[in-house]
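The values are calculated or read from the model by the stated rules, or taken from the named source; none is laboratory data. Predicted, not measured: the structure shown is a model, and the values here were computed from it. All Cβ positions, even for glycine, are placed from backbone atoms using ideal geometry, and neighbour counts span all protein chains on display. Just so you know, the surface numbers come from the protein's heavy atoms only, side chains and all, with ligands and any DNA or RNA stripped out. Shrake-Rupley method; radii C 1.70, N 1.55, O 1.52, S 1.80 Å.
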2 protein chains.
Amino acid sequence: MNGAESLVHTLLLNGVNVCFTNPGTSEMHFVAALDRVPGMHCVLGLFEGVVTGAADGYYRMTDKPAATLLHCGPGLANGLANLHNARRAGSGVVNIPGDQATYHRPLDAPLTADTEGWARGVSAWVRTATSAKTVGADTSVAVQSARIGHGQISTLILPADTAWGEGGEIGPVLPAPARPTAAPQQVKDAAALLRRGEPTMLLLGGTALREQALADAHRIAAATGARLIAPGSNARTQRGRGRLPLDRVPYVVDQALKVLSGIKHMVLVGAVQPTAFFAYPNKPGYLTPPDCEIHVLARPEQDPAEALARLADELGAPRVAVPEVARAQNPGRGKPTLDAIAQTVAALIPENAIVVDESVTTGRAFFPATYGAAPHDWLQNCGGSIGYGPPVAVGAAVACPDRRVLALQADGSAMYTLQALWTQAREKLDVTTVIFSNRKYQILLGELANVGANPGRTALDMLDIGNPDLDWPKLAAGMGVEAARAESCEQLADLMAQSYRRKGPFLIELVM
Amino acid sequence: MNGAESLVHTLLLNGVNVCFTNPGTSEMHFVAALDRVPGMHCVLGLFEGVVTGAADGYYRMTDKPAATLLHCGPGLANGLANLHNARRAGSGVVNIPGDQATYHRPLDAPLTADTEGWARGVSAWVRTATSAKTVGADTSVAVQSARIGHGQISTLILPADTAWGEGGEIGPVLPAPARPTAAPQQVKDAAALLRRGEPTMLLLGGTALREQALADAHRIAAATGARLIAPGSNARTQRGRGRLPLDRVPYVVDQALKVLSGIKHMVLVGAVQPTAFFAYPNKPGYLTPPDCEIHVLARPEQDPAEALARLADELGAPRVAVPEVARAQNPGRGKPTLDAIAQTVAALIPENAIVVDESVTTGRAFFPATYGAAPHDWLQNCGGSIGYGPPVAVGAAVACPDRRVLALQADGSAMYTLQALWTQAREKLDVTTVIFSNRKYQILLGELANVGANPGRTALDMLDIGNPDLDWPKLAAGMGVEAARAESCEQLADLMAQSYRRKGPFLIELVM
């Protein structure tokens, strides 16, 4: 057994049975091992950002890490942006870049690069395998490490000779690390605070946004008068009919300050103190009022759902039904204004859908509009590096082959990882992508206005992605995905509904 | 004047007047400054790998650095692969990622990442600006640093507050650093060695591959009997009719060992000792014979062209005409076999073209077939990270608007940075792209065979990029580039010739 074979065996033994891949020469023994050791579901991406984003999406829907197979050095670099997003989402990934053979590295052949250095910025755990004999043991630890806290990125770098060398030994089955829980005192302190009745807000992040945890949070709010809110971006929120309608901290700083004004206490539940995404001249960095005290019920690595349940019991909070929100019955009509699009999306989210939201400026009204939609999971970009959407849709669809993925996607962002459409076609994934085609970096036009600039030709050109217009149906067809264009809400609604009745991916370009 | 304005003024004063951009929020003041300070030619890419690859191509054709404008953290990460290739090509780039404001960084907002850490792996010089007042001075040093040696990557990280802060001061005009030259003893030693008449080979890299340097190398070879060769991949080789036909060290290890067998002395002229691209079990890492002595006429950072001229004079080598090679008169016929494609390319390279070669396995016969083609520059991927071609074609075309760029492009590689086609359309660049559509990672099939594997379904699937087939004319049209498909050499030749008669980009998918 060579090192690569011991690696694949060990992954499978430790419950990792999906591998998103974009291999190169230094990974050929890994590829050969995937062939010889049955049981791994391998999914090819044509760009590394597709591979790493897919692993993120897979984790969000399964709470289980997938493996990646990346080419050495620059191959890893191409995957870093979506690893950054995965890290911010708390996703566990067993990230496996190949590398030059240990003895070849000193020769500084052309593709030699600082694989370890590049991995560190996104990884909680990095190890470069040193021999075929120990790759199996390294793999066991890599998988275990990817499961620490809610989940984190383990990078196991696999020099070619540690893959092809004989003497590989299958690594042990290591238990999934127990998830840390809130200390009794944390729960007691939070209960005491809430009993004081001062203006208090619970910020719910991570797995506190699953259905049961939200119900517990709602019990707490109903019993104490505390308000509930979620961070601006979240890995996975369970929402729609029968689930708690929950606002998020707005992205725009002035709006966020307004929403959080008057709060005297913020209790963090699997979340961190909310900050502005970026600094702006003469605006604060933290979004909570200066006199707001910050309390911690559960740190992000602690189990916030479990802490909420204990807190609700500690408070003796009775079970209460979550408020009902009427579902938008009808799609919007006519011209696709932001509100009409939101209404259309709300009416057409299918039962049990996975919504992958990278709608950016177009989607700011989607969230409140969809409280009453059919039950669904809503996935957001937690790291802010655009191009997360199409790959995460791949991973979510691989994770949940029985559910429809609805990818709500800004055009500018989609261009960073459009290669994911090909994987959707190859794997016949049930993904409906709606491209909001405003043909500009709309968010940046807003930011440029914030800067106080009166933009001229050069600046506008740098934010305009029309001229030439992207033709999304052609791009999709070029990668084997059927597609159509909509110019009205009625057309959008018809195409969305049609897409749900067929197998495989479909793309709709909504021209705005 | 704010920091960003001082930066743009200083770039222009120091001769940097092209900026390839893909901005985000933290760079809005930089964008606004590009607007307010006239004189910078700004070119937008829809993915950072396009931006950094374009800067590489621009440098190769001008020996002058361009600036990049990248988004913070993961934006830089998306550009690393082509910065890696640029570094290996010896290209100078003034690489400018934005970043979180200095005082916002400690808050660890979602897009905060290790910008400096990621930059180090590709940069010879990294600095994070600390105040608006000193950005101008930082910029002067960044430009000067990008010109050291043949060229290198300077990364100046621009936190948002150093861009928007007032008190900016334009930095000084710093002289381009003098290029180091070979020491007199290096030239004398090389001359003495060559006079011994033992089997000796000169390995010519970097600017030793320009027309005049090649003529000097040919004088030396004619006078001494030494053989000449080039590394496998080179930033820019001037070749075709009237220029020296020069072989390269083959990519395939066994072929390289054969070509270099019997050599007792290798003289490095702006090149490094050739290595295998990757290690393979039981094959050597260095490609020179074990008993071959390595000598250095000029290190890569020394001026190899100047050293060759001095060496030729030291040897009293008379001027000799370079050998003539007949030009392929007629394109290939019928089915696009590798030889027939090579013949077609050879017949149809236009006068004074810039050939950007990322043809990978399809193109292994192109080089010898084109010795007698019309004079042209031939650009290769020196770092081995695929996806270099379409962006480098952008940069070369921006650098040389009067010349036709012929991009010879493998399909698998093109997918990594296909967004470059949009920039070609927007800027109406005269780029003819030929996609060699074999619908697989052909090079990896060879590598898998090297591994000794008898590949099964899983392995073959990971190397097969058909199913579904990419439709390149649709992908190109989706980004505003006119395109057509060829299935025979005659069709290929017709389409190539047609493309030269029109302005702007054109793409040909050659189905193999």
*asked:* For B:Asp494, place a label point 7 Å from Cα along the Cα-to-Cβ direction in every copy; what are the distances to the other copies, in nm, shortest first?
replied: 3.9
*Which cross-chain or sequence-distant (5 or more) residues have an amide H under 5 Å from the amide H of A:Val18, H modelled 1.01 Å from N in plane?*
A:His41, A:Ala67
_Nearest-first distances (nm) between copies at B:Asp464, label 7 Å from Cα via Cβ_ = 4.6
*Simple spin-label model, 7 Å along Cα-to-Cβ: A:Asn282 to B:Arg319 in nm?*
6.9
*asked:* Could you tell me the calculated FRET efficiency between B:Glu293 and A:His41, based on Cβ-Cβ distance and R0 = 45 angstrom, to the nearest 0.05?
replied: 0.30
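Which order do you get for A:Ser154, B:Ser123 if you rank them by accessible area with a 1.4 Å probe, largest at the top?
Output order, biggest surface exposure first: B:Ser123, A:Ser154.
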*Tell me, what is the per residue accessible area of the protein assembly as shown in Å², probe radius 1.4 Å?*
32
*Surface/4 estimate of mean projected area, convex hull on alpha-carbon atoms of segment A:120-188, nm²*: 5.7
*Once phi is turned into ³J(HN,Hα) by the Karplus curve 6.51 cos²θ - 1.76 cosθ + 1.60 with θ = phi - 60°, what whole-Hz value does each residue of segment B:307-322 show in order, with x for glycine and proline?*
5, 5, 4, 5, 5, 4, 5, 4, 7, x, 6, x, 5, 9, 5, 6
*So how strong a dipole does segment B:66-221 carry about its Cα centre when Lys and Arg Cβ are +1 and Asp and Glu Cβ are -1, to the nearest 20 debye?*
760
_Identity and axial distance of the chain A residue whose Cβ lies nearest the axis relating A to B, Å_ = A:Lys474, 2
*For B:Asn330 and B:Glu482, what does the FRET efficiency come to when R0 = 22 Å and r is the distance between their Cβ atoms, rounded to the nearest 0.05?*
0.25
_Just to verify a number: FRET efficiency for A:Arg241 and A:Ser131, C-beta to C-beta distance, R0 = 41 Å, to 0.05?_
0.15
*Which residues of segment A:37-58 show a drop of at least 20 Å² in accessible area when all protein chains are present, compared with their chain alone (probe radius 1.4 Å, heavy atoms only, ligands and nucleic acids excluded)?*
A:Cys42, A:Leu44, A:Leu46, A:Phe47
*Dipole magnitude of segment B:361-500 about its Cα centre, charges +1 at Lys/Arg Cβ and -1 at Asp/Glu Cβ only, in debye to the nearest 20?*
160
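Compute the convex hull volume of the Cα atoms of the protein assembly as shown, divide it by the residue count, and report the result per residue in Å³ as a whole number.
Expressed per residue, the convex hull around the Cα atoms of the protein assembly as shown is 151 Å³.
Rounded to the nearest percent, how much of the accessible area of chain A (1.4 Å probe, protein heavy atoms only) is carbon and sulfur?
Details: 8500 of 16400 Å².
Roughly 52 percent of what the probe reaches on chain A is carbon or sulfur.
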*Going out from 0 in 10 Å bins, what whole percent of all Cα-Cα distances in segment A:297-374 drops into each bin?*
16, 32, 25, 21, 6, 0
*Ranked by accessible surface with a 1.4 Å probe, highest first, in what order do A:Thr362, B:Thr62 come?*
B:Thr62, A:Thr362
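How many square angstrom of accessible surface are buried between A and B, both sides summed, with a 1.4 Å probe and rounding to 100?
Chain pair A/B: roughly 7800 Å² of buried accessible area.
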*asked:* Projecting each Cα onto the charge dipole of segment B:350-507 (Lys/Arg +1, Asp/Glu -1 at the beta carbon, about the Cα centre), which of B:Gly363, B:His376, B:Thr417 comes out farthest on the positive side?
replied: B:Thr417
*Along segment B:290-297, what does the Karplus equation 6.51 cos²θ - 1.76 cosθ + 1.60 (θ = phi - 60°) give for ³J(HN,Hα), rounded to whole Hz, x for Gly and Pro?*
x, 9, 7, 8, 9, 10, 10, 7
*For segment B:4-66, convex hull of alpha carbons as volume per residue, Å³*: 72
*In order through segment A:43-60: 3J(HN,Hα) via Karplus (6.51 cos²θ - 1.76 cosθ + 1.60), integer Hz, x for Gly, Pro*: 10, 8, x, 9, 7, 5, x, 5, 5, 6, x, 5, 4, 4, x, 4, 5, 4
*Just give the residues from segment A:99-129 buried by at least 40 square angstrom of accessible area in the all-chains context relative to the isolated chain, probe 1.4 Å, and say none if nothing qualifies.*
A:His104, A:Leu107, A:Pro110, A:Leu111, A:Trp118
*Taking segment A:324-433, how much of its Cα-Cα pair set, in percent, is spaced more than 19 angstrom apart?*
44
*asked:* At 7 angstrom along the Cα-to-beta-carbon line, where would the label on A:Glu351 sit relative to the other copies? Give the distances in nm, shortest first.
replied: 7.2
*Share of antiparallel DSSP beta bridges in chain A, in percent to the nearest 5?*
10
*With every protein chain in place, what's the accessible area of B:Lys503 (1.4 Å probe, Å², nearest 10)?*
150
*Pop a pseudo-label 7 angstrom from the Cα along the beta-carbon direction at both B:Asp464 and B:Ala192 and give the gap in nm to one decimal.*
6.2
*Using only Cα positions of chain A, each an equal point scatterer, no hydration layer, compute I(q)/I(0) via Debye at q = 0.07, 0.08 Å⁻¹ and quote the log10 values to two decimals.*
-0.40, -0.52
_If you average the C-alpha positions of segment B:381-449 and of segment B:293-322 separately, how far apart do those two centres end up, in angstrom?_
33
*Can you give me the three principal axis dimensions of segment B:105-227 from its C-alpha atoms, in Å, biggest first?*
67, 32, 25
*Would you work out the charge dipole size for segment A:303-438 about its Cα centre, treating the Cβ of every Lys and Arg as +1 and the Cβ of every Asp and Glu as -1, and quote it to the nearest 20 debye?*
480
*How large is log10 I(q)/I(0) at q = 0.27 Å⁻¹ when the Debye formula is applied to the Cα atoms of segment B:176-254, each weighted equally and without solvent?*
-1.33
*asked:* Strictly greater than 20 Å: what percent of every Cα pair in segment B:259-327 meets that?
replied: 50
_GluC sites (Glu not before Pro) restricted to DSSP loop in segment B:323-407 with at most 14 other C-beta within 10 Å_ = B:Glu324, B:Glu351
*When the distances between all Cα atoms of segment A:1-157 are binned every 5 Å from zero, what whole-number percent does each bin get?*
2, 11, 22, 25, 23, 13, 4, 1, 0
